[in-house]
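To start, the structure under review is shown below, and the notes come after it.
The values are calculated or read from the model by the stated rules, or taken from the named source; none is laboratory data. Note that the coordinates shown come from a computational prediction; the quantities given were computed from them, not determined experimentally. Because the Cβ atoms are built from the backbone with ideal geometry, glycine has one as well, and the counts that use them run over all protein chains shown.
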Amino acid sequence: MKLNVVLVEPEIPQNTGNIARTCAATGSKLHLVRPLGFNLSEKEVKRAGLDYWDKLDIEEHDSFAQFLEKYPPEKNNMFFVTTKGKQVYSEDIYKDFDEVFVLFGKETKGLPEDILQKYLDKTIRIPMRETLRSLNLSNSVAIVVYEILRQKSFEGLEQISKYFD
């Protein structure tokens, strides 16, 4: 399975660095959609991603419109992560796909409302107390990525520690 993590206009370099590390560790492709709230060469991004940058499959896009033109939601298996999602992220919805895109919006605003309305049936959410606004972006990505991989039986990932053999 090919898993694509799409960050639409991320703002905090440490979040993106942490997400890059998660993508490298899981073999997920990271898509960064501009404008970014930082420069990719910033030390905060590099530090959070540690020495995993050379193991990362990354694609950059100049705009969200450009990304959607290259990867139309109607032709790709896309899920839009939002606190207002119609489905819970852990529902049995990924395992039949060979490739999945999960889109996350910027830390302060999330994904554009018009996109969420247009693809309402493809919106997913992480349950949480209703009095809180949202989880940290890098935590949200890790939660969703590992659930998708769990539904695919962690295909391609080491499951038994070599240290206990």
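A compact table of results
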read-out: Qualifying residue in segment 103-115 (condition: of a type in the set (Gly, Ala, Ser) and within 15 Å of the chain's Cα centre (by Cα)); value: yes
read-out: All positions within segment 88-100 that are within 16 Å of Ser28 (Cα to Cα), of a type outside the set (Phe, Trp, Tyr) and touching a strand residue (DSSP E or B) at 6+ places or on another chain (Cβ under 9 Å); value: Asp98, Glu99, Val100
read-out: Condition check for Gly110: on the phi > 0 side of the Ramachandran plot and buried (at least 16 other Cβ atoms within 10 Å of the Cβ); value: yes
read-out: Single residue of Ser90, Ser140, Ser153 found to be without any contact (Cβ under 8 Å) to a residue 60 or more places away in the chain, on the phi > 0 side of the Ramachandran plot and polar (S, T, N, Q); value: Ser153
read-out: Criterion violated by Arg133 - all others in (1) part of a loop (DSSP other than H, G, I, E, B); (2) in contact (Cβ under 8 Å) with a residue 60 or more places away in the chain satisfied; value: (2)
read-out: Evaluation of Glu158 against (1) in contact (Cβ under 8 Å) with a residue 12 or more places away in the chain; (2) in a loop (DSSP other than H, G, I, E, B) (one fails), failing number; value: (1)
read-out: Exclusive hit being touching a strand residue (DSSP E or B) at 6+ places or on another chain (Cβ under 7 Å) and over 25 Å from Pro13 (Cα atoms), set Gly105, Gly85; value: Gly85
read-out: Residue in segment 14-21 that is more than 25 Å from Asp121 (Cβ to Cβ), under 15 Å from the mean Cα position of the chain (by Cα) and of a type in the set (Lys, Arg) present; value: yes
read-out: Enumeration of residues in segment 51-81 that are in contact with a helix residue (DSSP H, G or I) (Cβ under 6 Å, 6 or more places away or on another chain), surrounded by 14 or more Cβ atoms within 10 Å (Cβ to Cβ) and at pLDDT below 95; value: Tyr52, Leu56
read-out: Options Ile124, Ile148, Ile143; residue that is within 15 Å of the chain's Cα centre (by Cα), assigned to a strand (DSSP E or B) and among the hydrophobic types (A, V, I, L, M, F, W, C); value: Ile124
read-out: Residues that are farther than 13 Å from Phe101 by Cα and among the hydroxyl-bearing types (Ser, Thr, Tyr), drawn from segment 120-154; value: Thr131, Ser134, Ser138, Ser140, Tyr146, Ser153
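Matching residues to (1) of a type in the set (D, E, K, R); (2) in contact with a helix residue (DSSP H, G or I) (Cβ under 9 Å, 6 or more places away or on another chain):
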position: Val88; (1), (2): no, no
position: Tyr94; (1), (2): no, yes
position: Lys106; (1), (2): yes, yes
position: Lys109; (1), (2): yes, no
position: Lys118; (1), (2): yes, no
position: Ser134; (1), (2): no, yes
position: Val144; (1), (2): no, no
position: Arg150; (1), (2): yes, no
position: Ser153; (1), (2): no, no
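Results for (1) farther than 24 Å from Arg133 by Cβ; (2) more than 17 Å from the chain's Cα centre (by Cα); (3) not aliphatic (A, V, I, L, M), shown as yes or no for each residue.
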residue	(1), (2), (3)
Ala25	yes, no, no
Arg34	yes, no, yes
Trp53	yes, no, yes
Glu60	yes, no, yes
Glu74	yes, yes, yes
Phe80	no, no, yes
Gln87	no, no, yes
